[in-house]
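Trainee: Questions regarding the structure given below will be posed in turn.
Values quoted throughout were computed directly from the atomic coordinates according to the rules given, and no laboratory measurement underlies them. Quick caveat: nothing in here was measured; it's all calculated off a predicted structure. Every residue, glycine among them, receives a Cβ derived from its backbone with ideal geometry; neighbour counts consider all protein chains shown.
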Amino acid sequence: MKGAVGVFLLLLAPQFLLAAPPVPPTEMITIAPGEFTMGSSQQDIEWAAQTFFSESLDYYRDETPAHTVPLQAYKIDITEVTMGQYRWYMDQTGVPAPKFMDNDRFNQDDQPVVGVTWQEAADYCATMNKRLPTEAEWEKAARGNDRRYYPWGNEPDDTKANVRGKQDGYRYSSPVGQKQFGPSPYGIRDMAGNVWEWTADWYQPYPGNIYPNDFYGEQYRVIKGGSWFSNMDLARIAVRGKSLPDSRHNYLGFRCAK
């Protein structure tokens, strides 16, 4: 009789059989307080222009000048937020699916979530009791204190990041946290290539920057890191990408800080 009652209750409440376990939170790394050098010097942008055969330094001027930034201690996700984590978040909150959730090239559980706006990314982080990293926090986490050009050092190497080309083994975004790709000095993954990442900041000139730029202001948010569609020049840590906050791209995702 007890067995029959149990079967009856399960038939009444099949959701108990279908409920998925909670998605574990992304592991975070603590970045110690202290100063670091943000941006690029004149020598740095001249190196980039020469290395990548750029015809003008104008493209790089928004990275200048190199300047010292003090930061308090903070935490940042080791990997980008994944499609699987975002699906769990959708189930818990009822938010709509982002663009590309139905695209097999980008929608695997271990790939970074893409197609989210700046506000949607910020809302996800807030729900997890986190926030988007500032541009300075993102950059320090990627480069440490030695002004390196890439998370792994100063040499461009398209086998150490998921960038455009055939050397990394991925045509589109890769599963987050791949060991063959170079981590930052703090052990943080995918800070060069895979997907660009939203930051909290507006696209504004650095202190002491004297070069005019029509895009400065509170129209674009800064994005960092380059993507699977970028070359090694765009995957440099100091590069300041920009995107309209309502944009939904298959090369743009995010990670959270705290």
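Trainee: Express as a percent, rounded to the nearest 5, the fraction of DSSP beta bridges in the chain (both residues included) that run antiparallel.
Mentor: Values: 19 of 22 bridges.
So the antiparallel bridges amount to about 85 percent of the total.
Trainee: Based solely on C-alpha atoms, express the radius of gyration and the Dmax of the chain in angstrom.
Mentor: Over the chain's Cα set, Rg and Dmax evaluate to 20.4, 83 Å.
Trainee: Any chance you could give the angle, 0 to 90 degrees and rounded to 10, that helix 83-93 forms with the longest Cα principal axis of the chain?
Mentor: 60
Trainee: Please give, to one decimal in nm, the separation of the simple spin-label points placed at THR30 and LYS99, each 7 Å out from Cα toward the Cβ.
Mentor: Each label point lies 7 Å from its Cα, and together they span 4.0 nm.
Trainee: A further question follows. Name the residue, out of TYR203, TYR150, TYR170, whose mean-square fluctuation peaks in a Gaussian network model built on the chain with Cα pairs under 10 Å.
Mentor: Highest fluctuation among the options: TYR170.
Trainee: Per-residue counts of other Cβ atoms within 10 Å, averaged by peptide: what ranking do you get for 67-76, 239-248, 225-234, highest first? Intermediate values should be presented prior to the final figure.
Mentor: Working: 67-76: 14.6, 239-248: 16.9, 225-234: 22.8.
Put in order of decreasing packing, that is 225-234, 239-248, 67-76.
Trainee: May I pose another question? Report the FRET efficiency, 1/(1 + (r/R0)^6), for HIS67 and LYS258, where r is their Cβ-Cβ distance and R0 is 25 Å, rounded to 0.05. Present the calculation step by step, with values, prior to reporting the outcome.
Mentor: On the way: r = 25 Å, r/R0 = 0.99.
Step by step, r from the Cβ atoms, then E = 0.50.
Trainee: Another question, if that's okay. Per 10 Å bin from zero, what fraction in whole % of the C-alpha pairs of segment 163-258 is there, up to the bin with the longest pair?
Mentor: In order of increasing distance, the bins hold 15, 45, 29, 10, 0 percent.
Trainee: With axes computed from alpha carbons, what is the tilt in degrees of helix 2-12 against the longest principal axis of the chain, rounded to the nearest 10 within 0 to 90?
Mentor: That helix lies at roughly 50 degrees to the long axis.
Trainee: Of the listed pairs LYS99/LYS166; LYS99/LYS179; LYS140/LYS224; LYS75/LYS224; LYS130/LYS160; LYS160/LYS224, which have alpha-carbon separations greater than 19 Å here? Display every interim value, and only then the final one.
Mentor: On the way: LYS99/LYS166 26 Å; LYS99/LYS179 28 Å; LYS140/LYS224 12 Å; LYS75/LYS224 17 Å; LYS130/LYS160 29 Å; LYS160/LYS224 17 Å.
In this structure, LYS99/LYS166; LYS99/LYS179; LYS130/LYS160 exceed 19 Å between Cα atoms.
Trainee: Continuing with the same structure: Roughly how many whole Å is it from the C-alpha centroid of segment 207-258 to that of segment 154-204?
Mentor: Between the Cα centres of segment 207-258 and segment 154-204 lies a distance of 14 Å.
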